[in-house]
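Shown next, in structure tokens, is the structure this report addresses.
The values are calculated or read from the model by the stated rules, or taken from the named source; none is laboratory data. Bear in mind the structure is a predicted one, so any value in this text is a computation, not a measurement. Note that each Cβ is placed from the backbone with ideal geometry, even for glycine, and that neighbours are counted across all protein chains shown.
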Ligand SMILES: [Fe+2]
């Protein structure tokens, strides 16, 4: 267990928390500085290349050669000033809202529950720190950095907090010549920077802060007051950049779907630097998905955004140089749908209009503004991927098909048929509030674009999500999928390898698996092709499956490298990490040759 110290953390009392459990002072007086600190582990076999400070680490300065399309979040100064009188009043009002008007009652927004075990944030950043390989050896071809994004709230929540509400933190394992070093840094978003300078939270939690009209009105009014008094400047965004990363056009972007991407880079020593909010030379003026798709053959990127007002869906793409092409608004999406991911083929972009969407009636009744509608028939929309408008878009009813993530899609029969593979969430009504009740069944959906006939094939009955493929096969017919085993979601107790070619016979397609062991949980696996740049004729599964795994028995985190071709996903190497890496969302591996181009 981590050694922690924080007066604010002590507001939590559950034994499951990784925090100290001293009772809080019963006061509504403003918390002037709730910055939390984490001490390094007392016993470690690692060597620190830079001293770990128990104080906060200042954000890296923005480079002097910042491209014009990068919007600086704010001043890089980290010096705190005493709160103004309005700030003290607003903080008191915030405490009143969190204590009396909308306290965190439901488990899905109760910080004691949401931030328990290894969902708890690490309490400061970690400069590049050397790690020890404790089993096997890191393959020479594994040369680059595995970087994973995830929520890590800068301040312990005062009120309701959902898993999706945390500030984005990147955990990067730089691997070179068989050695590894870990670095953990916040994405220096506008929200992070303003709140760091203030010393307290300024922005409401988007996912958890607007349940019910009263809470929404109270937090909305407080937010408006902070804006009017200049505490908060929304013109630089309010996103968390906590969901994923993508590399294209020699740019590495940290993504969250409520804002523009943030451009980041790794320095030569493995440190992570936030360059700034990135708007593609002014052409992306609103948010974009955290799951863009990269065609590795063409270098193009495909993306979208969705929202609560028409057009509820907007599709767009970027050419191989990263130049954004014009928006394609999709007005045939007639209701706002929770559209977290999509798929591409060589000819099409594919969207799922699912039963989860904006639900104002539920909100009036005191529920979440995002909810499920069991009367809605799910649809799949198919649009030519180079479409300039939606005139050729077709929609197909696929009842009960509710996906949050897509895995892949491809064309069959000269593009007259498409096949899409994705985890279909059964009991979708639990998606946001009772994730532990989710069961996601991976399906292959085959759509004849001419006849409209839809066929569905179960791939595995297990509870699987956070699935990845060999990135060279995005949009192309592929055979192998590596998926996390929910036990329950969002905890991942192992990884399975699926062979999609078995799906047409209605067999379970699992061909290999590795469970992490009692009390050990990972996250999204990632497939790294072995020597991809030099080995163009390699088999699809010639490579490694990697993941961070945390042992809740010992409080230690590891990085696993598994042989993707072996029937048991044999361990090739295990790296002991110098510090806990919290459970998170999506990551990627960036080869050294690509890191040098960023
Ligand atoms: Fe996702």
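Annotations
- Only one entry of 230, 239, 256 meets the criterion of being over 22 Å from the mean Cα position of the chain (by Cα) and either outside the structural domain of residue 593 (by the TED database) or within 16 Å of the ligand (Cβ to nearest atom) (or both), and that entry is 230.
- Qualifying position, being away from the ligand (no atom under 16 Å from the Cβ) and in the same structural domain as residue 102 (by the TED database), among 269, 211: 211
- The range 400-431: number of residues that are away from the ligand (no atom under 16 Å from the Cβ), free of Cβ contacts under 8 Å to residues at least 40 places away in the same chain and either out of contact with any strand residue (DSSP E or B) (no Cβ under 9 Å at 6 or more places or on another chain) or assigned to a strand (DSSP E or B) (or both): 3
- From the options 305, 317, residue that is within 16 Å of the ligand (Cβ to nearest atom), more than 22 Å from residue 524 (Cβ to Cβ) and surrounded by fewer than 24 Cβ atoms within 10 Å (Cβ to Cβ): 305
- Selection of the range 208-231 for residues being in a loop (DSSP other than H, G, I, E, B) and surrounded by fewer than 21 Cβ atoms within 10 Å (Cβ to Cβ) yields 212, 229, 230, 231.
- Residue, surrounded by the most Cβ atoms within 10 Å (Cβ to Cβ), within the range 275-301, restricted to residues that are in a strand (DSSP E or B) and within 16 Å of the ligand (Cβ to nearest atom): 293
- Residue check, residue 343 closer than 20 Å to residue 258 by Cα, surrounded by 15 or more Cβ atoms within 10 Å (Cβ to Cβ), touching a strand residue (DSSP E or B) at 6+ places or on another chain (Cβ under 8 Å) and modelled with pLDDT of 90 or more: yes
- In summary, strands (runs of 3 or more DSSP E) completely within the range 450-544 and bearing 1 or more residues that are modelled with pLDDT of 95 or more, away from the ligand (no atom under 16 Å from the Cβ) and under 24 Å from residue 349 (Cα atoms) occur at 454-460, 480-486, 492-499, 526-529.
- Within the range 545-573, being without any contact (Cβ under 8 Å) to a residue 40 or more places away in the chain, over 17 Å from residue 136 (Cβ atoms) and not in a strand (DSSP E or B) holds for 553, 554.
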